[in-house]
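Here's the structure we're looking at; comments come further down.
The values are calculated or read from the model by the stated rules, or taken from the named source; none is laboratory data. In this text the structure is predicted, and so the values were computed from the model without any measurement. With ideal geometry, Cβ positions are generated from the backbone for all residues, glycine too; neighbour counts draw on all protein chains shown. The area values use the complete protein model at the heavy-atom level, side chains included, leaving out ligands, DNA and RNA. Shrake-Rupley method; radii C 1.70, N 1.55, O 1.52, S 1.80 Å.
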Amino acid sequence: MKHLTLFKWLTVLTCLVMFLATFGGGIVTKTESGLGCGTEWPLCNGKLVPAHTVASLIEYSHRAVSALAGLLSIASFVAFLRFGKSRRDLQLFSLLTLIFVIVQGIMGAFAVVFSQSSAVMALHFGFSIIAFASSLMMALGIRQEARHGGLERLNNYPRVTKGFRNLVWFSTVYTYLVVYTGAFVSHTDSAGGCSGFPLCNGQVVPELSGGVAVAFAHRLAALSLVIVIAILGHYAYRKHPDNTELRRLGVIAVVLILLQVLIGFVMMLTIGRPEVYMFVALAHMLDIAILFGVLTYMSFLVYKLHRPVNRF
């Protein structure tokens, strides 16, 4: 592939800025700074450079990083379109990155100018992690291109079963759905609906009303996700002894979901201390975003490893 070094730096930078944009979106939500620039976009309270209030600086900084992510996505897409024709998969990932950056940017602008429901705002974060996952796929793809010369390395791995491929795909989709339930908890201010851990308000099944129902539904979804990822990690590690990459990804996925459980427990302990809770909640959000990125890469890998060798 031509201009490989340029591709490497461009994709890594795009992925990093996309990560910062996702992180910034979380800060905006947790600090309730979404209207820090009023109901104007792209200006901030009628100015190109906003007033120096905390809320306006947070919102304006997030807008600036998101705009940079958009510009880098355009640059990556154009670069792959012109010079990466041998890697159709990476062209697709660059296109998905660009599409979802644009979509989440439009949703962010609409959320400022027009009032949006909590259900719609939860999708904003969901689309941002798809953009991040797509940019991560680009960066990992170029890394593999530089180290192994492309997808031909996969010819040396045994094929995976249809059942395992479907398990990885199910885990990825289900993780996204759990992410959405978590974002919905955040945007409906339902985090305090369930106090205590692992019981919800001291009960196995609490009275399901308002924020309690939202928080409890997320807990159930998260618990089932832990089970799904544990099963996935088991099959990835025990059933693929000749595929070190799949085994490594399986272990990483299990570690990330266990870390997510630990962070969730700490969230319950710190919910009465806003100055600490915000940082713990951001860690919770970023951990699941990274897990989704890992599962997305696994989904692509098993797609390739399920196909006959000669069809690469």
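See the values below:
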quantity	calculated
Test: ALA67 is modelled with pLDDT of 85 or more and open to solvent by less than 20 Å² (accessible area, probe 1.4 Å)	no
Selection count where residues are modelled with pLDDT under 85 and hydroxyl-bearing (Ser, Thr, Tyr), scope the stretch 76-106	1
Whichever residue in the stretch 269-282 is touching a helix residue (DSSP H, G or I) at 6+ places or on another chain (Cβ under 6 Å) and open to solvent by 40 Å² or more (accessible area, probe 1.4 Å) and, among such residues, is nearest to ILE129 (Cα to Cα)	MET278
Residues of the stretch 65-101 that turn out to be more than 15 Å from MET137 (Cα to Cα), without any contact (Cβ under 8 Å) to a residue 60 or more places away in the chain, aliphatic (A, V, I, L, M) and in contact with a helix residue (DSSP H, G or I) (Cβ under 7 Å, 6 or more places away or on another chain), as a count	4
Given (1) surrounded by fewer than 12 Cβ atoms within 10 Å (Cβ to Cβ); (2) more than 21 Å from the chain's Cα centre (by Cα); (3) modelled with pLDDT of 85 or more, number of the condition GLU152 does not satisfy	(3)
Test: residue in the stretch 215-232 that is at pLDDT 90 or above, farther than 25 Å from CYS194 by Cα and not polar (S, T, N, Q)	yes
Residue list for the stretch 174-192, restricted to those being farther than 18 Å from MET278 by Cβ and of a type outside the set (S, T, N, Q)	TYR174, TYR176, LEU177, VAL178, VAL179, TYR180, PHE184
Selected residue (criterion: nearest to SER76 (Cα to Cα)) from residues of the stretch 93-108 that are among the β-branched types (Val, Ile, Thr) and open to solvent by 30 Å² or more (accessible area, probe 1.4 Å)	ILE99
Residues of the stretch 242-268 satisfying the condition of being surrounded by fewer than 16 Cβ atoms within 10 Å (Cβ to Cβ), of a type outside the set (Phe, Trp, Tyr) and either within 16 Å of SER186 (Cα to Cα) or in contact (Cβ under 8 Å) with a residue 40 or more places away in the chain (or both)	ASP242
Qualifying residue in the stretch 224-232 (condition: open to solvent by 30 Å² or more (accessible area, probe 1.4 Å) and either farther than 20 Å from LEU177 by Cβ or in contact (Cβ under 8 Å) with a residue 60 or more places away in the chain (or both))	yes
Filter pass, GLY272 being outside any helix (DSSP H, G or I) and under 27 Å from GLY26 (Cα atoms)	yes
Flag for LEU208 being under 15 Å from MET268 (Cα atoms), open to solvent by 60 Å² or more (accessible area, probe 1.4 Å) and more than 19 Å from the chain's Cα centre (by Cα)	no
The stretch 49-64, subset at pLDDT 75 or above and hydroxyl-bearing (Ser, Thr, Tyr), residue surrounded by the most Cβ atoms within 10 Å (Cβ to Cβ)	TYR60
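Yes or no, residue by residue, for (1) open to solvent by less than 30 Å² (accessible area, probe 1.4 Å); (2) without any contact (Cβ under 8 Å) to a residue 12 or more places away in the chain; (3) not in a helix (DSSP H, G or I):
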residue: PHE170; (1), (2), (3): no, no, no
residue: VAL173; (1), (2), (3): no, yes, no
residue: VAL178; (1), (2), (3): yes, no, no
residue: GLY182; (1), (2), (3): yes, no, no
residue: PHE197; (1), (2), (3): no, no, yes
residue: VAL214; (1), (2), (3): no, no, no
residue: ALA217; (1), (2), (3): no, no, no
residue: ALA221; (1), (2), (3): yes, no, no
